[in-house]
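The values are calculated or read from the model by the stated rules, or taken from the named source; none is laboratory data. The model shown is predicted, which means the values in this text are computed figures rather than measured ones. Methodologically, a virtual Cβ is constructed for each residue, glycine included, from the backbone with ideal geometry; neighbour enumeration extends over all protein chains shown. Protein only, heavy atoms only, side chains kept; ligands, DNA and RNA dropped before computing areas. Shrake-Rupley method; radii C 1.70, N 1.55, O 1.52, S 1.80 Å.
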Amino acid sequence: MTYSIIARDAESGEMGVACQSQAFAVGSSVPWALPGHGAIATQSMGEPMYGELGLDALRAGLTASEALTALRSVDPHPERRQVAMVDSYGNFDVYTGAACVAEAGHHHGAGCVALANMVASADVWVDMVAAFQRSAGTLAGRLVAALHAAEAAGGDFRGQRSASLLVVRAVRTGRPWRDQIVDLRVDDHPAPVAELDRLVAHSDGYHRMVQAFERALDGAAQEARALIAALDRPDPARDGDLCMWRALILALAGDEDRARRELRELAQASPRFVEVVAAFKAAGLVDDPALLDRILP
């Protein structure tokens, strides 16, 4: 009823899970991941034990194979399950039970494993691995590319409905809020993989803008401006928060005229966000309060 891919990118130090199904809200049950420990996909007649206890086992020091073997041994119906695991060292294991609905199977690749059941053909899991291995860029983007390949091969033979993407760091930084890279779900949509693709692109730009704004507030305004240089200018009517942060970055980097012009546009499209800029002055977030007086409409 689902197809998934789990992967670990040794270069970026990230690992993750992506999946799609005709079932509602696949992201609530199939993907599991814990920064610094591993990622898991549990599907077919999915058993949450493999996710919850599987992550506990990986955290306790078991390898992916040891964890999966241990959990299968206490599962009363392992023949109904399809499970894949990767640990933080890049060890993979995967299992497709004999009672999974055809077409059902899995395929290993370099740094990834794909698994699927109730799909149009065996090409689904094979093509997912091939797409992942030939793609470049972020791990999140490569995982979504694999989902597109699965759809091109026929996907879930009942159709599309939901998709999910979860990416975490394989090595913990000590700052948990930075160790989960992507956590996106499309629970009910006629084209969930395409929608997930859009959300991934937006998420990347959004978090880069937030990161740049924080650096600008910390005194690295020129570095912050360089971080946003490659980003498309956000739409004031749709992304008022991004426009607000962008204007403040420009102002802190010395481009007050441009910041003032962009805040005027924002005042026309989404005036509440200009009120937020004024509130920053009262909160003392900007070292030079007069700067805000100069750029506010």
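Miscellaneous remarks
One line per residue, one yes/no per condition, for (1) closer than 19 Å to Leu147 by Cα; (2) touching a Phe, Trp or Tyr at 6+ places or on another chain (Cβ under 6 Å):
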{"residue": "Ala23", "(1), (2)": "yes, no"}
{"residue": "Gly27", "(1), (2)": "yes, no"}
{"residue": "Gly38", "(1), (2)": "no, no"}
{"residue": "Gly51", "(1), (2)": "no, yes"}
{"residue": "Ala70", "(1), (2)": "no, no"}
{"residue": "Asp93", "(1), (2)": "no, no"}
{"residue": "Gly97", "(1), (2)": "no, no"}
{"residue": "Val101", "(1), (2)": "no, no"}
{"residue": "Ala104", "(1), (2)": "yes, no"}
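- Criterion (of a type in the set (D, E, K, R), open to solvent by 70 Å² or more (accessible area, probe 1.4 Å) and assigned to a loop (DSSP other than H, G, I, E, B)) met by exactly one of Asp204, Asp183, Asp188: Asp188
- Long-range neighbours under 9 Å by Cβ, at least six apart or interchain, first residue among the hydroxyl-bearing types (Ser, Thr, Tyr) within the range 40-58, second in a helix (DSSP H, G or I) and open to solvent by 10 Å² or more (accessible area, probe 1.4 Å): Thr42/Met49; Ser44/Arg80; Tyr50/Leu71; Tyr50/Arg72
- Conditions (1) at pLDDT 95 or above; (2) β-branched (Val, Ile, Thr); (3) within 30 Å of Val86 (Cβ to Cβ); number of the one not met by Thr173: (1)
- Members of the range 92-102 that are in contact with a Gly (Cβ under 9 Å, 6 or more places away or on another chain) and either farther than 25 Å from Asp127 by Cα or without any contact (Cβ under 8 Å) to a residue 60 or more places away in the chain (or both): Thr96
- Number of positions in the range 245-297 that are more than 17 Å from Asp218 (Cβ to Cβ), of a type in the set (A, V, I, L, M) and touching an Asp or Glu at 6+ places or on another chain (Cβ under 9 Å): 4
- Residues in the range 10-61 that are under 18 Å from Phe92 (Cβ atoms) and among the charged types (D, E, K, R) were compared, and the one that is surrounded by the most Cβ atoms within 10 Å (Cβ to Cβ) is Glu14.
- Top-ranked residue of the range 7-35 - restricted to ones that are in a loop (DSSP other than H, G, I, E, B) and in contact with a strand residue (DSSP E or B) (Cβ under 7 Å, 6 or more places away or on another chain), ranked as farthest from Gln82 (Cα to Cα): Gly13
- Residues that are outside any helix (DSSP H, G or I) and among the small types (Gly, Ala, Ser) were ranked within the range 208-223; the one that is surrounded by the most Cβ atoms within 10 Å (Cβ to Cβ) is Ala220.
- Residues in the range 146-168 that are open to solvent by 30 Å² or more (accessible area, probe 1.4 Å) and either more than 18 Å from Gln82 (Cβ to Cβ) or of a type in the set (Asp, Glu) (or both): His148, Glu151, Ala152, Gln160, Arg161.
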